[in-house]
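Just so you know, all these numbers are worked out from the coordinates, no wet-lab data involved. Computed from a prediction, not measured in an experiment: that's the story for all the values here. Here Cβ is always computed from backbone atoms with ideal geometry, including for glycine, and neighbour counts include all displayed protein chains.
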Amino acid sequence: MDKIRFQVLAGTHTGYRLLLWLLIILIGIGLIAAHHMESQGHWVTGMDNRVVWGLPHVFAIFLILSASGALNTASISSVFGGSDYQPLARLSGLLAVTLLTGGLAVLVLDLGRPDRLVVAMTYYNFSSVFAWNVFLYTGFVLVVLIYLWVMMTPQMRGYVRSVGMVALIWRLILTSGTGAIFGFLVARDAYDTAIMAPLFILMSLSLGMAVFWVSTLTLCRWNGYLLSPELSGKLRRLSALFILGVLYLVALHHLTNLYMAHHQGIERFLLVDGGVYPWLFWLGFVLCGGIVPVWWFLDRRFSTPAWTVTAALMVIVGGLCHLYVTIIGGQAYPLRLVSGYRVDSGFYDGEITHYLPSLPELALGIGGVSLALLMIVVAVRILPFLPTVTGSLPGSNQG
Amino acid sequence: MTNPENKPRRRFLGRTGAGTALLALAPGVRLVDLVLAKDEDEPASDETRWGLLVDANRCTTGCRACVSACEDEHALAKTGRNRLDPQWIRKVELVDESNDRSLSIPLMCQHCEDPPCVEVCPTGASFKRADGMVLVDKHTCIGCRYCMMACPFNARSFVHEEVTGQKSYSPRGKGTVESCTLCVHRVDNDRTPACVESCAVDGHGALAFGDLNDAESTVSKTARSQPHRELRPDLALNTGVRYRGV
């Protein structure tokens, strides 16, 4: 049987160098944006006293969820005995660490006082799910780094399954914790439900697979390694399954809300007459990020790498739309301040808040994504993350 | 007969005596003050629960006495951008959905017994004092705004830009979250919050402040004798601010 080997990214690809410089520039712009927001204050953003979490949070949560989901392939390989997934396991772990780091960078740089990061690391309120997430996020990076070390050290191979199991459990708790950040907001009609935790788990599985497709197919193409049609087919079906899972839970969430009279206002706002939000939901998330990629992932006519990457990019765009609707739409809709009364005030009570993201917010978010990508492209040049085969792997179409 | 030549001498003796008496008594008076005054380090006691009772029947549309008093007391200057202005207390107009009756109420931090903002704060910067006041420690607030997401009353503001002219007793800081302190600096010195004082003088006496645990306090007596409610009773927060006539 042919042996899987791993190697560093070979050669000095022109596209690689261009990407490297582009990412460095985008990170620089992101840092300038963060400095601008910190020195001027958040008035330079589109956020205000009503929409307090804006576009940076959409990017940050997208990256955090993707990080957890990117570990799918490694988990299947180590925990569920999927040996044919093994060539991609290291890359899967690398994506998990880098994406999470990018997401945390955005989250920290958007704080009102990012200089007080040390306070966040030394003062803990354990009744806060946010405080627990600080442990879950940093712990996840540590666990996956150990996981990578175990995978990459032949003498440690015996521990791969057990460390992989810890990583799997950890990421399920992590994404539940991220969902719980919203699920515990009892006063907001858009959240306040336990379904946020499983929904975020499924979103992470779906988004993580999408990011994995784009990164892996690009890197493996540079490295001259093509996935076997069997493995590609399995991963495509898995992606479709995860997207359908997200669509199911989202439908369940909204249908449940529609049964509750006091939640019908927020449902109408997000799904029917809320301006940009229904468009992003139906067109961005359901159609472009859901139905079409499911069709393409399941239909053999669209099984080429180009179609697969396109479908994955659509899932990513759809996921960002979904997070935008959830995070920002959920805040834009007014709170029920007083049961049984309509409210109006000079502080915009009872009104829809109009949020327009600013350039610094966009730059910060893109900077976080660029940081994750830069770490990936640098890491694959330094350490052997990319698979290659000696001889011919059965079913592979080696390039 | 009085010798006129003795007048300056008598005046001198009289003034010296009065001065001596004052010097002798003043420390005593000061000592009494010190004995009666609260120690600065004396912790808040859970035997007290500070609260406000708002009488919506007295509060009128257009009157902003409480809001202005709060802005003056805490130097809450306008930013020039309405959506970013600090709003520790605001006037809210209510319309009853069942009969279209209109009301006007002041709305501020409700100083909940189980405050969602305190539960979600990752660093513990949002905290509740033993006497029920919900406050923000400006030194440990990292500006994550999770408390603003959690507050059911939109009672918290984020400081979006540099602030000037702060009062020493009411520190504010760019990048941190703030809200009504129930004028803790005044209450700790046996005074009432600025909004309550102003409502009594310039407004319509719609606000009553006091210890909800003290059966003899005006606020407790009023609360016992007249129906009142929380704004969101469904959330079971047991707020320290109650409304009558809503």
**Request:** Give the residue from A:ALA74, A:TYR348, A:THR101 lying farthest towards the positive end of the charge dipole for the protein assembly as shown; charges sit on Cβ (+1 for Lys and Arg, -1 for Asp and Glu) and the dipole is referred to the Cα centre.
**Result:** A:ALA74
**Asked** Any idea how far apart B:GLU42 and A:LEU142 come out in nm if each label point goes 7 Å out from Cα toward Cβ?
**Response** 4.5 nm
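Mind sorting B:MET133, A:MET203, A:MET314 by how few other Cβ atoms lie within 10 Å of their own Cβ, fewest first?
On the way: B:MET133 23, A:MET203 30, A:MET314 20.
Lowest to highest Cβ neighbour count: A:MET314, B:MET133, A:MET203.
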**Prompt:** What FRET efficiency, computed as 1/(1 + (r/R0)^6) with R0 = 35 Å and r the Cβ-Cβ distance, is obtained for A:ARG5 and A:ARG237, rounded to the nearest 0.05?
**Reply:** 0.80
**Request:** Can you list which of the chymotrypsin sites (Phe, Trp or Tyr not before Pro) found in region A:112-161 are DSSP loop residues with at most 14 other C-beta atoms within 10 Å?
**Result:** A:PHE126
**Message:** Given points 7 Å out from each Cα along the Cα-Cβ axis, report the A:LEU255 to A:ASP273 separation in nanometres with one decimal.
**Reply:** 2.5 nm
**Message:** Give me, ordered by chain and number, the residues 5 or more places off B:VAL92 or on other chains with an amide H under 5 Å from its own placed amide H.
**Reply:** B:ILE105, B:LEU107
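Which shape class applies to region B:50-244: rounded if a/c is under 1.5, otherwise prolate when a/b exceeds b/c and oblate if not, where a ≥ b ≥ c are the square roots of the Cα gyration tensor eigenvalues? If you can, show how the numbers build up before the last one.
On the way: a/c = 1.42, a/b = 1.33, b/c = 1.06.
It is rounded, given that a/c, with a ≥ b ≥ c, falls under 1.5.
Give the average, rounded to an integer, of partner chain Cβ atoms located within 10 angstrom of each Cβ in B:152-160.
On the way: counts 7, 5, 11, 2, 2, 4, 8, 4, 10.
Averaged over the peptide's residues, the number is 6.
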**Request:** Quick one: go through region B:56-86 and flag any residue whose amide nitrogen is under 13 Å from the point 7 Å out along the Cα-to-Cβ line of B:HIS204.
**Result:** B:56-66
**Complete:** Helix A:196-223: inclination vs chain A longest Cα principal axis, degrees, rounded to 10, gives 40 degrees
**Message:** Given R₀ = 25 Å, what would the calculated FRET efficiency be for B:ARG224 paired with B:ASP96, taking r from the Cβ atoms and rounding to 0.05?
**Reply:** 0.50
